[in-house]
Amino acid sequence: MESQFTYLGLIVLFPLLGAIINGVVGSRLNRKLVGWIGSGSILLAFFYSLASTLYLYNHGHDSEYGDLTYTAFQWIYAGDLGLDIAFLMDPLTSVMVLVITGVGFLIHVYSIGYMEDDPGTWRYFAYLNLFCFAMLMLVLGKNMLVTFIGWEGVGLCSYLLIGFWYEDDANAVAGQKAFIVNRVGDFAFLAGLFLLYYQTGTFDYVALEQMASTPAGIATMAPVALPAALLIFVGCTGKSAQIPLYTWLPDAMAGPTPVSALIHAATMVTAGVFLISRTHFLFTIDPAIGLTVATVGTLTAFFAATIAVVQDDIKKVLAYSTISQLGYMFMAVGVGAFTAGIFHLMTHAFFKALLFLGSGSVIHAMGGDQNIQNMGGLRKWMPVTALTFLAACLAISGFPLLSGFFSKDLILWSALSNAHVLSIPGLFDGTIPAAALTVEQAQPLASGGPVDVTATSAAFHWFFYIGGLLTAGLTAFYMFRLYFLTFEGECRADEETKAHLHEAPMSMTVPLSVLGILSVIGGWIGWPHFVPKGWLGSGHKGGHGADHAADAGWTIQDVMLGFEHWLDEVFVVSDTFRIVGRFGAHPYSAEMICTAASVLVGLSGIAAAWWVYLKNPGLPKEIADSVEGLYNLLDNAYWVDELYDSLFVQGAIKVGSFFHAFDKIVIDGVVVDGLGWLAEQAGRILSYLQSGDVQRYATYIVVAIVLIVLTILTI
Amino acid sequence: MEPLSLANGDSFPWLTVLTFGPMLGVLALMLVPREQKDALRNIALLTTLGVFVVSLGIYFYFDPSVVPASGEPFAFQLTDGPVDWIGALGIQYYMGIDGISLWLVLLTTFLMPITVYSTYSAVETHVKEYMICLLFLQTGMIGALVSLDVFLFYIFWEMMLIPMYLIIGVWGSDKRVYAAVKFFLYTMVGSLLMLIGILYVYFQTGDASGGYSFLFTEMAAVDLTFNEQIWLFGAFFLAFAIKVPLFPFHTWLPLAHVQAPTAGSVILAGVMLKMGTYGLLRYAFPLFPAALKAYAPWIGILAVIGVVYGALMAMVQDNVKSLVAYSSISHLGFCVLGLVAMTPQALAGGLYIMLAHGISTGGLFLAVGILYERRHTKEISDFGGISKSMPIFATLFMVIVFASAGLPGLNGFVGEFLALLGTAESHFLWFTGSGAAVFTQTGGGYSLEWAMAALPAVDQVGPEMTAYVLAVVAATGVIWVACYLLWMWRRVMFGPLDKEENRVLSDLNTREMVYMIPVVLMAIFMGVFPKFFLGPMEPSMHGFLEYMAAEQKEAGFDGSVVVQEPDDDWTPDQSPAEKMRENNR
């Protein structure tokens, strides 16, 4: 029996208890109390997450894999399949649980103020706690099925919360759409799981990873690696709103705004990025997988950003922005920069949650109006909201030294510089001895051995980089369009609305401020490598299980590259012999140029937004008119929704109706009634035989006897 | 003649008491005047509750460590008999259970009191006859599940038919007579073919053991040629496929469900449909193993068609009840697919779906019944926004809906996941190689080679892919089930509360909560602790698969059945009673 680290069980237990208490007796409790039960359970989970992370930091390396595990109970057992409800905490999970419980707690607190007047508060907090429970299951799962429980569970909570105000049919429709589109992804996910299990016979992450780091294991996995990984990836595109399954997320904004912040920005939609990172060993087996993932990510990032430019609904802008930012994360994990992807996941959770909460504060003040064309100059009434919103806008635009700058920059740099090792000769046919794939011997391979980076692959990487850079410019532009139209310039609201404008209550502004601070400093644990060594002390460490526990105290360097060092050991299988840098070991100058380019692009975007929306307020209309076709295309999000609707939704209904008719006419009409008719006719003929005529009966008897005799004789 | 003792040894005759317990209730009901409706209802409820309490005994004394002897498909315990019943014909009274029937019996006894309690306000006419029908039905169902003599099984099998025919035909909706007759004819056609099949095998037993016998074990020992098996399996299969119902034998079901009263639908969906799948597993598969191998890919295809077809049909229904009825066709498609795949996971999944579907679809019909009693309509368009007026109902209904939609953590997921996972790794559903040879062996007029040729490029994909493709097509069910259930939910429970009649609906009363909550809790329990149910099943399933593997080896299809040694640490090796005794010591 492995050692049981009980805290992991407690982390998921508290939110579940909160959900049960609020769900069962919440309707009879005071609304404030309901809110504090909900928030408190997440706070407890946060404390235990923090404690577990610290324990992992201090003692993680005592055990063989450096992971903490906890098995709650045995779940599905049949034949030699054994699935436990079991949890695993490694550095990757620790980042996720801290984000979920930390940001989650802030959003719960915010919700107390936001949902104050709603009669369904108890239902709201029960769902929200249930969501956190499911999300924690997802990231803590020790095998893919526990992850899948969480995966579907968050989908359920998303459905319930999008349709929280279900009396409006539009909300109910949006929730339904989210669930069904996600189910399409889940179907692919399951199909991928079956394939993977067929070859490997296990769902356990640790066992799979071990398998993926030996030649024999890789040879087992290789035949299904590409289809299985791509199917799982389709599942990820559903949950994380990527092409082709992104269409549900903009509609999901129908839910209460804190829900959008927690589920549809900070946590649930990042599940796909997490899952790919968790199964990185599978996704790097074949370079085609990574290139597909990164291509989808790049395209999503770019196209979603173009749609965001023309949206007038404050939440729709943020929704498309989320899709676009998630595209960055997929770009990162696609090129094998898992650390960069998770880093951006974390900083994005800070600033995007802040943007959503800020927009909630604005919507609250505007009396429910979400159209930014009716806003303007709100900074005067809502200074805290405006300031924190500005910080988040700067962060997402990649303004130097804010959180988004570090993470986005790392992604763009990795997109350009990383390359997959296309082929290690003899890897799959077993001619390479097992020892050749140990970490030590694979090292020379990574740093200039027989790396086959073809021109096609290089073209892909340039495509990712340029796509990402363009998206960065667009992002800065539409975020500042949003900021300027909302908070700066003249107020365009009517007098009545103006009279009601107010800053949000404390329970809302405090979470905003905390997230604002995190959006600013959240990136300071991942500085670029080219930052002078003098800043870093004695040069940076090699990573790969660097023994940080042994160091007494932290050096400044530990903090500045802390994120990378913390996650290094998780991705060791992929990093050592499957992902290489194309520009050599220490390409600081190239990295520096890359950073400068992204800063320049970001600032240009901001400047352009200032020029168009503050300096020349008439200009947007003129531009929109001059390129009306393009504007309409973007405004309608490339008509993908309409396409899907006519193709799939109407298609399925048509097939169903056809089957219905087939059932009635062919099966029931022709076959069943036909048999009935035959029986009836047979009865008629038989009744004709039974005429009552004795002579005829005598004839039958004679004929029968003759036949019998003949039969016997022939035999 | 042997001394008449029902029980083996000194133990209590559990199965006889369970089977005929409801008859005591019938006797009591006969003594009560028909005007005293409340007394009649209470007697029926107490009877079914009593039977449920007694049935806990079989769980308590069920010993999972009893495994089939080599060469036997099943090992039965808690047996009553065998006692000669009609000795001259070799018909015996013999009952017993194993891990396969244990939970189905418990499902029946669990659902019956709930069903009876739900009819307190639904049925006002001929209450006495109604309750008698329900209790007769219970005897028939339990009897069919525990019979070990094929003739006895057949008697109980037919005995289920008549009360259900009456329940639909007398207490149903407008087109009840048409529906009842259709139900009766459909199932009778199948049953009669099966009877012919049973008699054929019966007359073969004489050669083997001297006297003719209907005992299952005797019949299983008969050596049948491949051609005989093909025909006999066809006869058995038809009977059970109609009952399941498998596409394309399903058209009686939606009609019967829509017309039947709530209790009829709950029992029909909850237990009676499982008689089809149970019959396949208990009789058709082990009696004719070589024929099964020939039919298996085709059964798999029918099952998969059923999954998709039923779901798409459910999507376009305007009537809540027929929607749920079509969803049953879809769910049982998963079940049959799991049963024919012949892998431990798929078999466990198929069995688990039987239980889970009984609970969740039973719950769905109860919920529809609750709506019907308030609004006297089943049309989806007559509802809307019900969540607002009936919040408690909405919560319970939602759990059941998501259980049915296969959400992990609720009961529907476990079975479907196992069935699909097992199907994907199945070797039994392969067409090519040795499997394809079966069709040429059959030769003559019913060679299926032409159909093989019609399938595109199976050879190129490779035989493994046959099973995987079936699993994947069936897995699209997870999309369809969300489509039809959530669409129904949105139109019935969500949306604006814009109809005057719906505004005044009262939420659940105490009685309704008392029968809904156990169903909901069971749906959750089965989803969270499936091992509780899978554990006692496993040794029986393992033995069955070993038997099938041996039979297939004999028939020349070695390795087509996947047998795995389960870990010792999870299958219980003693009955709960034994464990308790040990703990007390």
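What follows is calculated from the coordinates using simple rules that are stated; it is not laboratory data. Quantities reported herein were computed from a predicted structural model and do not represent experimental measurements. Glycine gets a Cβ as well: all are built from the backbone with ideal geometry, and neighbour counts include every protein chain shown.
Residues within the reach of a label modelled at A:Val640 (point 7 angstrom out along Cα to beta-carbon, backbone nitrogen below 14 Å), restricted to the range A:254-297, are A:295-297. Using the Cβ-Cβ distance between A:Ala216 and A:Val559 with R0 = 60 Å, the FRET efficiency computed as 1/(1 + (r/R0)^6) comes to roughly 0.90.
Rounded to the nearest 10 degrees, the inclination of helix A:169-200 to the longest alpha-carbon principal axis of chain A is 80 degrees. Averaged over peptide A:179-190, the number of partner chain Cβ atoms lying within 10 Å of each residue's Cβ comes to 5. For chain A, the longest principal axis of the alpha carbon atoms and the long axis of helix A:673-689 meet at an angle near 10°.
Shape class of chain B from the alpha-carbon gyration tensor: oblate, with a/c at 1.5 or above and b/c at least as large as a/b. Only helices enter this figure: runs of n ≥ 4 DSSP H residues, each worth -39500 (n - 2.57), summed and divided by the residues of the protein assembly as shown, yield -22000 deg cm²/dmol at 222 nm to the nearest 500. Close amide H partners of A:Ile76, meaning residues 5 or more places away or on another chain with modelled amide H under 5 Å apart, are A:Leu83. Count charges around A:Val612 for me, please; just the other residues with Cβ under 11 Å from its Cβ, Lys/Arg as +1, Asp/Glu as -1. Counting the neighbours of A:Val612, the net charge comes to +2. In summary, the helical segments of chain B meeting the span-like criteria, namely a full DSSP H run, a Cα extent along the axis of 24 angstrom or more and a mean Kyte-Doolittle hydropathy of at least -0.5, are B:14-31, B:37-61, B:99-118, B:127-146, B:150-171, B:176-209, B:226-243, B:289-315, B:320-341, B:344-375, B:510-528, B:530-554. Spatial offset of the range B:212-283 relative to the range A:254-271 amounts to 49 Å, using the alpha carbon center of each. Lysines near B:Lys553 by alpha-carbon distance under 26 Å, same-chain residues fewer than 8 away left out - which ones? The reachable lysines, counting only those whose Cα sits under 26 Å from B:Lys553, are B:Lys293.
Classify the range A:89-232 as rounded, prolate or oblate from the Cα gyration tensor: take a ≥ b ≥ c as the square roots of its eigenvalues, call it rounded if a/c is under 1.5, otherwise prolate when a/b beats b/c and oblate if not. Taking the square roots of the gyration eigenvalues as a ≥ b ≥ c, the range A:89-232 is oblate. Of the options A:Ala72, B:Pro496, B:Leu371, report the single residue whose Cα projects farthest towards the positive end of the charge dipole of the protein assembly as shown (beta-carbon charges: Lys, Arg +1; Asp, Glu -1). Farthest along the dipole direction, towards plus: B:Pro496.
Excluding residues on the same chain fewer than 8 positions from B:Lys579, give the lysines whose Cα lies under 27 Å from its Cα. The reachable lysines, counting only those whose Cα sits under 27 Å from B:Lys579, are B:Lys531.
Other residues whose C-beta falls under 12 angstrom from the C-beta of A:Leu282 contribute a net charge of 0, scoring Lys and Arg +1 and Asp and Glu -1. Taking +1 at the Cβ of each Lys and Arg and -1 at the Cβ of each Asp and Glu, which of A:Ala271, A:Ile323, A:Phe351 sits farthest along the dipole of chain A towards its positive end, judged by Cα position relative to the Cα centre? Working it through, the farthest residue towards the positive pole turns out to be A:Phe351. Around the amide H of A:Gly377, modelled in the peptide plane, lie the amide H atoms of A:Phe487, A:Glu488, A:Gly489, all under 5 Å away and 5 or more residues distant in sequence or on another chain. For the protein assembly as shown, the fraction of C-alpha pairs farther apart than 58 angstrom is 22 percent. Would you mind classifying the range A:644-714 by shape? Square roots of the alpha carbon gyration tensor eigenvalues, ordered a ≥ b ≥ c; an a/c under 1.5 is rounded, otherwise it is prolate if a/b is larger than b/c and oblate if not. Cα axes put the range A:644-714 in the oblate bin. If you take the Cα centroid of the range B:107-152 and the Cα centroid of the range A:648-705, the two points sit 34 Å apart. Taking the centroid of alpha carbons for each part, the range B:186-204 and the range A:340-358 are 68 Å apart.
Sequence-distant contacts, meaning Cα pairs under 8 Å at least 6 residues apart, place the relative contact order of chain A at 12 percent. In this simple spin-label approximation, B:Phe20 and B:His126 carry label points 7 Å from Cα along the Cα→Cβ vector, and these lie 2.7 nm apart.
Averaged over peptide A:82-88, the number of partner chain Cβ atoms lying within 10 Å of each residue's Cβ comes to 2. Shielding value for B:576-585 is 0, the average number of Cβ atoms from other chains within 10 Å of each residue's Cβ. Our summary gives the range A:20-179 a relative contact order of 24 percent, counting only alpha carbon pairs under 8 angstrom and 6 or more residues apart. Loop-located trypsin sites (Lys or Arg not before Pro) in the range B:496-572 (DSSP state other than H, G, I, E, B) with a sparse environment of at most 16 neighbouring Cβ atoms within 10 Å: B:Lys499. Inter-label distance, A:Val531 to B:Tyr59: 6.1 nm, where each label sits 7 Å from its Cα along the C-beta direction.
Rounding to the nearest 10 and keeping the result within 0 to 90°, find how far the Cα-based axis of helix A:144-162 lies from the longest principal axis of chain A. Value to nearest ten degrees: 80. Ranked by the mean number of other Cβ atoms within 10 Å of their residues, highest first, the peptides B:62-75, B:387-400 come out as B:387-400, B:62-75.
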